[in-house]
Amino acid sequence: MIRLRPYKDCDAQKITAWIKDEYSFRQWSADRYDKFPITPNDMNLYYRNDKNNERIWGMTAFDDAGIIGHFTMRFPDDNRNDEIRLGFVIVDNEKRGKGYGKEMILLAARYAFDFVKVKKISLGVFENNTAAIKCYEACGFQRVKSEHIERYTCMGETWNCIEMEYRKRRL
């Protein structure tokens, strides 16, 4: 059974160890970090920049064996609180393909809808990250058509970002 809690500095040790190569590192972080590999200290310094920003926070997913995943939640618009944007979504390599990612994302959605009271959850995922896209679609996220495609230069290539969203269903 997976549960969620706020991110703690001590989580960085395990999370950074899950990132084995620069390709997957860039799929996870795009250009948000200057170098690969990152250390736990690098990750904690990155998050400390936002420690007093109440519009963004990190979450850690865990079970009885320890932490299994991580993501951030933020309000993307400074003037509105009806949308949460997920970012830095990652699952322990040894847990991938076993439903943990889907369970974590569904818990994040439940948290966002039931406790933060948003109407929509959004995220961006690189088109070359097919496993993540399948996971998000299995959770109910749908691709959003956009006039502007977000692009990043990663590892000498241009990577396109797919915008996805999940809206609260009316009961």
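Nothing in this text is a laboratory measurement; each read-out follows from the coordinates by a stated rule. Just so it is clear, the model here is predicted, and its values are computed rather than measured. Glycine gets a Cβ as well: all are built from the backbone with ideal geometry, and neighbour counts include every protein chain shown.
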**Fill in**
Ordered by fewest other Cβ atoms within 10 Å, a rough proxy for footprinting exposure, Thr16, Thr39, Thr60 read Thr39, Thr16, Thr60
**Message:** Springs between alpha-carbon pairs under 10 angstrom, Gaussian network model over the chain: which of Arg85, Arg32, Arg74 fluctuates most?
**Reply:** Arg32
**Message:** Among (1) 11.8; (2) 10.4; (3) 9.5, only one was calculated for this model; which label is it, if the read-out is mean projected area of the Cα convex hull in nm²?
**Reply:** (2)
**Complete:** Per-residue Cβ contact counts at 10 Å, fewest first, order Val144, Val89, Val116 as Val144, Val116, Val89
**Prompt:** Counting other C-beta atoms within 10 Å, which of Met104, Met1, Met73, Met43 has the fewest, and how do the rest follow?
**Reply:** Met1, Met73, Met43, Met104
**Request:** For segment 110-116, take each phi angle, set θ = phi - 60°, evaluate the Karplus expression 6.51 cos²θ - 1.76 cosθ + 1.60, and give the result in whole Hz per residue in order, putting x for glycine and proline.
**Result:** 4, 4, 5, 6, 7, 9, 8
